[in-house]
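Notes follow the structure.
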Amino acid sequence: MNMEKEQLASLEAKAKEIRFELLKMFGTGKHHHFGGSFSCVEIMTALYFYKMNISLEDRASPVRDRFIMSKGHSVPTQYVILALLGFFPAEKLKTIKQLGSILQGHPDINKTPGIEAPTGSLGQGLSYGNGIALAGRLDGNDFNVYVVMGDGELQEGQVWEAAMTTSHYRLNNLRVIVDLNEYQSQGSVEESLSIEPLAEKWRSFGWHAVRIDGHDMEKICRTLNDMDNRETPCVIIAETVKGKGITCLEGSFKGHNYAMTQEEYRSAYEELAPSAGEIE
C-alpha cells in the first residue's frame, strides 16, 4: 500500500491538531493523563481518520467498526477526535472532568456520544472486545473491533485469558494495538513487571504480532491494512514515547497523571501551536 503524499500529510497534520487541542483541553492546575493521551495520538488518528468504518451519520449502524480504549485514562485523545468528527460540540472539551460533564476522566457509554465501552479498570478491554466480536459473528454483521491497550495493562492476567479466547474462536475481526510507551503510573513497565518478549508472547497465544514505530503514520496505516485478510487475530505493538510532543514530559512517568504549571503550559503551547499567537 502506497499512500498518497497528500493523504499522509493530511493525517500527520491532523495528529498535530489533536495534540494541540489536547493541551488546550487539559490546561493548567488540574491533574490529567498527559503521558498516555499524547503517546497514542498517531494510533488514534490513523484509526479514526483513515481506517475505521465509523462516522456521525452511521453511528448507529450495526456494521460500523467498534473502538475500545482499554486504557481508559487515555480517553481524552478520543474525546478530541469525537469532537472533531461532530459527535458533540467542541466547546464541551473545556468541561472535561467537571461535575455533570459528558466528558469524565474515564469513558462512560451513558454520557459520551461515540463511546462504545466503559473502561478504566485496566485489563478488561480485550474481554469486552471479544464479546462484541462474537456478537457480530452470531448476528451475521461484518465489522471490525479495534482495542487500544497500554503496556502496563498487559501485566493483568485477564488480558492473557482474553487473548486465549480471541485465538480459540479465531476472531480475525478483532485487532489490538498496544501503546508501548514503556511507563506506567509509578515508573517504568520493565522495572515494575517486565512484559517482554512481547511479540513472542502474543504469537504463543495464536496471534499475528508485529512491532512498529507507533509515531510513523505511514507504517501504522500500512500495518492496519495488512491485518484485513488474515485468518488469525492481530496485534500491533506500537513503540511510542510517553508524553510525545511536550518536551518537559516526554519519556518519563512524570506526566502520567499531572497538573501542568503556567510556565510548562506556555512552553508546551509554543511547541504545539500551529502558529504564533496569544496563548489561550
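Observations, loosely collected:
- Matching option when the condition is in contact (Cβ under 8 Å) with a residue 12 or more places away in the chain, more than 30 Å from residue 143 (Cα to Cα) and among the acidic types (Asp, Glu), among 231, 239, 196, 182: 182
- Some residue of segment 143-153 being modelled with pLDDT of 95 or more and assigned to a helix (DSSP H, G or I): yes
- Pairs linking a residue in segment 159-178 that is of a type in the set (S, T, N, Q) to a residue that is assigned to a helix (DSSP H, G or I) and modelled with pLDDT of 95 or more, with Cβ atoms under 6 Å and 6 or more positions apart or on different chains, are 165/130; 166/130; 173/133.
- Cβ-Cβ distances below 6 Å connect the following pairs, each with a first residue in segment 96-117 that is over 23 Å from residue 52 (Cβ atoms) and among the basic types (Lys, Arg), a second residue that is assigned to a loop (DSSP other than H, G, I, E, B) and modelled with pLDDT of 95 or more, and a separation of six or more residues or different chains: 97/105.
Residues checked against (1) within 22 Å of residue 30 (Cα to Cα); (2) surrounded by fewer than 13 Cβ atoms within 10 Å (Cβ to Cβ):
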position	(1), (2)
56	no, yes
74	yes, no
78	yes, no
117	no, no
140	no, yes
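- Test: residue in segment 212-223 that is buried (at least 17 other Cβ atoms within 10 Å of the Cβ), farther than 22 Å from residue 3 by Cβ and either under 19 Å from the mean Cα position of the chain (by Cα) or without any contact (Cβ under 8 Å) to a residue 12 or more places away in the chain (or both): no
- Filtered by the rule that a residue be small (Gly, Ala, Ser) and more than 24 Å from residue 130 (Cα to Cα), segment 182-213 gives 185, 187, 188, 192, 194.
- When the residues of segment 12-53 are filtered to those that are free of Cβ contacts under 8 Å to residues at least 60 places away in the same chain and among the aliphatic types (A, V, I, L, M), the one that is farthest from residue 221 (Cα to Cα) is 22.
- Of all the numbered requirements in (1) surrounded by 15 or more Cβ atoms within 10 Å (Cβ to Cβ); (2) out of contact with any Leu (no Cβ under 7 Å at 6 or more places or on another chain), residue 194 misses one, and that requirement is (1).
- Evaluation of residue 143 against the conditions (1) in contact (Cβ under 8 Å) with a residue 60 or more places away in the chain; (2) under 27 Å from residue 242 (Cβ atoms) shows that the sole unmet condition is (2).
- Condition met for residue 111 (more than 18 Å from residue 21 (Cα to Cα), basic (Lys, Arg) and modelled with pLDDT of 95 or more): yes
- Within the set 6, 17, the sole residue that is surrounded by 15 or more Cβ atoms within 10 Å (Cβ to Cβ) and either at pLDDT below 95 or over 24 Å from residue 153 (Cα atoms) (or both) turns out to be 17.
The values are calculated or read from the model by the stated rules, or taken from the named source; none is laboratory data. Remember, it's a predicted structure, so these values are computed and weren't measured experimentally. Positions of Cβ are backbone-derived with ideal geometry, glycine not excepted, and every protein chain shown enters the neighbour counts.
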